[in-house]
1. Which residues, taken from the stretch 84-98, are within 23 Å of residue 201 (Cβ to Cβ) and more than 12 Å from the ligand (Cβ to nearest atom)?
2. Only one of 357, 362, 324 is surrounded by fewer than 17 Cβ atoms within 10 Å (Cβ to Cβ) and under 17 Å from residue 376 (Cβ atoms). Can you tell me which?
3. If the requirement is being surrounded by fewer than 18 Cβ atoms within 10 Å (Cβ to Cβ), under 30 Å from residue 92 (Cα atoms) and over 25 Å from the mean Cα position of the chain (by Cα), which of these qualifies: 236, 254?
4. Residues of the stretch 109-120 being surrounded by 19 or more Cβ atoms within 10 Å (Cβ to Cβ) and within 10 Å of the ligand (Cβ to nearest atom), which ones?
5. If I filter the stretch 99-107 for residues that are surrounded by fewer than 18 Cβ atoms within 10 Å (Cβ to Cβ), in contact with a strand residue (DSSP E or B) (Cβ under 9 Å, 6 or more places away or on another chain) and under 15 Å from residue 289 (Cα atoms), do I get at least one hit?
6. Restricting to the stretch 121-134, give me the number of residues that are assigned to a loop (DSSP other than H, G, I, E, B) and either near the ligand (Cβ under 8 Å from one of its atoms) or closer than 28 Å to residue 301 by Cα (or both).
7. Just one of (1) out of contact with any strand residue (DSSP E or B) (no Cβ under 9 Å at 6 or more places or on another chain); (2) surrounded by fewer than 12 Cβ atoms within 10 Å (Cβ to Cβ) trips up residue 60, so point out which.
8. With the checklist (1) outside any strand (DSSP E or B); (2) in contact with a strand residue (DSSP E or B) (Cβ under 7 Å, 6 or more places away or on another chain); (3) within 16 Å of residue 50 (Cβ to Cβ); (4) touching a residue at least 40 places away in the same chain (Cβ under 8 Å) in hand, flag the one item residue 95 doesn't pass.
Ligand code: HAM
């Protein structure tokens, strides 16, 4: 019979990494990022994967690639147009408006799958995971520093090499408009040199031309007016002070050509890139979006947020990421298992920081030790017939060859485990 395959650009993920190292790193990344989020007193929010298509049209902007070409939309049985979320920010804002929470402040995080119908390539999937943060209700100032501090903590915790955090300021609505006018004036006489895509951007959202992948366009843009000339001094000062404060932790670059793919941004924007990622080099992006809430029918809610692309990020973190201590519990002879299980149960309650892998198969000691070595166990706790009859266990060090294995009483095992 024909086998059924997963859809293009959609991964199956196994925490034990059987399918790939990337898989394993994705779970590891999620676990550790959640810890960092809670260090910043962020609280989790979960919103549905499916939303009214209008939500994304009104938030991302009708002319963004995400809404035009990449969104997974379809009619439900009631003939209503619904879409799989391509990103998380719009849903968060929809939710706080709906629950009338848009008059107060919130510090939120979320993690989950997003869908974009893009051409799959390395680092670009049709279903991918994001870890996002939205800080709602605070005007420009402290939240910008909090956000950059969070990005730096993540880069530091995972020791990401070759990372650059690009930052920019899109200015006020007036600054943005004045700059767009200047850009149009500059590009008008050069239109014959632009490709179809850039012409469309010029007509509908001129700032997006700055993001063109066409080398010829980029050459033309070298002489274009700079956004910097249109910004107020306080915006430039913000960028400079963020760079000054955090440059010892992370490589920060002010890039006045940085624009984002979603239309809702205003003010401070940023993107983190790594040269180790290839063409899809941005593993995180975000910025301020002060007008989104009112645009979606809510109150004025000045906000800032960001999202990490988990797959891209996980491919940067290398393989030696296990910081948890693992021990393997091995019983020999299936009749012993039920009785010794109580010991394993007690161990787990004594020290919750240790991962105890109870080996469930009926295989040989050799095979069980092989598995213990493979999963990175520091010790194997072994109970054979003789130990069982004497109320003892063997503690066998697996990582340090100089340490000898020892036979200890069950109480001594409990003390040892507690002290690990
Ligand atoms: P974004 O830049 O569209 O921003 O996406 C954030 C990150 O998601 C990207 O930097 C990238 O790492 C990852 N990503 C995007 N598309 C794909 C894909 N097809 N395959 C794999 N990874 C991908 C947002 O989504 C905003 N909602 C961020 C934000 C939150 N801004 C304010 N609050």
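The values are calculated or read from the model by the stated rules, or taken from the named source; none is laboratory data. Given the structure is predicted, the values throughout are model-derived calculations rather than measurements. No Cβ is skipped: glycine too gets one built from the backbone with ideal geometry, and neighbour counts run over all protein chains shown.
1. Within the stretch 84-98, the subset within 23 Å of residue 201 (Cβ to Cβ) is 86-87, 89-90.
Within the stretch 84-98, no residue meets the criteria.
2. On the way: 357 fails: surrounded by fewer than 17 Cβ atoms within 10 Å (Cβ to Cβ); 362 fails: under 17 Å from residue 376 (Cβ atoms).
Being surrounded by fewer than 17 Cβ atoms within 10 Å (Cβ to Cβ) and under 17 Å from residue 376 (Cβ atoms) holds for just one of 357, 362, 324, which is 324.
3. Values: 254 fails: over 25 Å from the mean Cα position of the chain (by Cα).
Exactly one residue qualifies, and that residue is 236.
4. Hits for the stretch 109-120 are 110, 114, 115, 116.
5. Start the filter on the stretch 99-107 by keeping residues that are surrounded by fewer than 18 Cβ atoms within 10 Å (Cβ to Cβ), which leaves 99-101, 103-105, 107.
Then keep just the ones that are in contact with a strand residue (DSSP E or B) (Cβ under 9 Å, 6 or more places away or on another chain); that gives 101, 104-105, 107.
Right, trim to under 15 Å from residue 289 (Cα atoms) and you get 105, 107.
Checking the stretch 99-107: at least one residue is surrounded by fewer than 18 Cβ atoms within 10 Å (Cβ to Cβ), in contact with a strand residue (DSSP E or B) (Cβ under 9 Å, 6 or more places away or on another chain) and under 15 Å from residue 289 (Cα atoms).
6. Initially, the stretch 121-134 is screened for residues assigned to a loop (DSSP other than H, G, I, E, B), giving 122-123, 125-126.
If we keep only those that are either near the ligand (Cβ under 8 Å from one of its atoms) or closer than 28 Å to residue 301 by Cα (or both) as well, we get 123, 125-126.
So the count comes out to 3.
7. (2)
8. (2)
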